[in-house]
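Asks: Here it is, the structure in full.
The values are calculated or read from the model by the stated rules, or taken from the named source; none is laboratory data. On a predicted model such as this, the values are computed, not experimentally measured, just so you know. All Cβ positions, glycine included, derive from the backbone under ideal geometry; neighbour counts span all protein chains shown. Just so you know, the surface numbers come from the protein's heavy atoms only, side chains and all, with ligands and any DNA or RNA stripped out. Shrake-Rupley method; radii C 1.70, N 1.55, O 1.52, S 1.80 Å.
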Amino acid sequence: MIFNDDEKQLLQDVKSGESYFSYIPDDIGEILFCTTTTQSAKPMSKRNRFILLVLSILVPGLLIYLFYDVILLDIVCLFAACVGIEIALFYKGTDYFVGTEGFAIAEFKKSRSDVVSKKVVRWDEVEDVIATEWVRVEKREEKLVYFIRVNGHKKDAGQGRCELARFEDDYQDGKLKSIYNYEVRFWKAVEEQWMEYIWPKVQAKYDGGEEVAFHEYFGGECRENYVRLQGKNLIVGKMAFREGDIQKVGADDEKITIYGSDYDTHLFGLVKEGTTCEIYLRTIGNCQILKHIFKEHF
């Protein structure tokens, strides 16, 4: 898990019972990761809030007056003024927790004990987590995207699987724009702990000779058991590969490509013939587990 120094201290405080969190979920097991958007334990005093409010208005206003023709500086000053005013007038924030049995998000206002909303998701409520890195094209520009979506179990025959949570962030210059941001670290921790929870269950089924299946989510629809694996036998949609039918498997962050035993290339790879099948990971539930099985067994 990705921690900064503040988060390491927060976790130690939670474990020792000295945390300033008013709300700590007790139904997601042992807390393994926690972070917050607001580091202060309580609101500032009225005096300090008044001083910050005055400074947030006067200092940026003076700089804009003196350097009114420096557009970039004016923008920075306006942003700083807005941030300062918001901190002075409003005490609020969001706390994030990941545990051995699930995760939780809690929003508070005025004081940490005034929790205005909270989301608690236990792993036993979850069926699929889609966590992928893939390329999105916008206005002819390619952007690498980190995306995570948490889906619950299907309730009954007349309902689809509910989306419990989702997050998306772009990469810039090879790094997540907010890689040092609390929210990215939180969702990376969710992804990691879900794998710790679900992988032993899937592994036991697969090693025991049972079939393991993965759903595909595309266009708002769920194609149940779209990918099915049992030993060396594989079914993807309507394509079936029996033991010996697969020559090799290639995988990257975007997709898994299965090459049939009849696949061949000619003219230095320019001409390709034979059976191929592609599985796009950004649509497959628990895709990291699928990648792991292919890597270990094919």
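Asks: Would you please name the residue that is least open to solvent (accessible area, probe 1.4 Å), looking only at residues in region 224-268 that are among the polar types (S, T, N, Q) and part of a strand (DSSP E or B)?
Replies: Residue satisfying both the conditions and the ranking: Thr257.
Asks: Give me the pairs: first residue in region 102-113 and touching a residue at least 24 places away in the same chain (Cβ under 8 Å), second residue among the aliphatic types (A, V, I, L, M) and open to solvent by less than 10 Å² (accessible area, probe 1.4 Å), beta-carbon distance under 7 Å, and six or more apart or on different chains, which are they?
Replies: Gly102/Ile28; Gly102/Val121; Phe103/Ile28; Phe103/Val121; Phe103/Val190; Ala104/Ile28
Asks: Inside region 65-91, can you point out the residues that are in a helix (DSSP H, G or I) and either at pLDDT below 70 or touching a Phe, Trp or Tyr at 6+ places or on another chain (Cβ under 9 Å) (or both)?
Replies: The answer is Tyr65, Leu73, Asp74, Cys77, Ala81, Val83, Gly84, Ile85, Glu86, Ile87, Ala88, Leu89.
Asks: Do we have Lys42 as closer than 28 Å to Arg185 by Cβ and at pLDDT 75 or above here?
Replies: The answer is no for Lys42.
Asks: What are the pairs, 6+ residues apart or on separate chains, where a residue within region 15-38 that is open to solvent by less than 60 Å² (accessible area, probe 1.4 Å) has its Cβ under 6 Å from a residue that is in a loop (DSSP other than H, G, I, E, B)?
Replies: Partner pairs satisfying both residue conditions: Ile28/Glu101; Gly29/Thr100; Gly29/Glu101; Phe33/Met1.
Asks: Would you call Tyr217 open to solvent by less than 40 Å² (accessible area, probe 1.4 Å), closer than 15 Å to His297 by Cβ and either in a helix (DSSP H, G or I) or modelled with pLDDT under 95 (or both)?
Replies: no
Asks: Quick one: would you say Leu58 is among the aliphatic types (A, V, I, L, M), open to solvent by less than 60 Å² (accessible area, probe 1.4 Å) and at pLDDT below 90?
Replies: Spelling it out, it is not the case that Leu58 is among the aliphatic types (A, V, I, L, M), open to solvent by less than 60 Å² (accessible area, probe 1.4 Å) and at pLDDT below 90.
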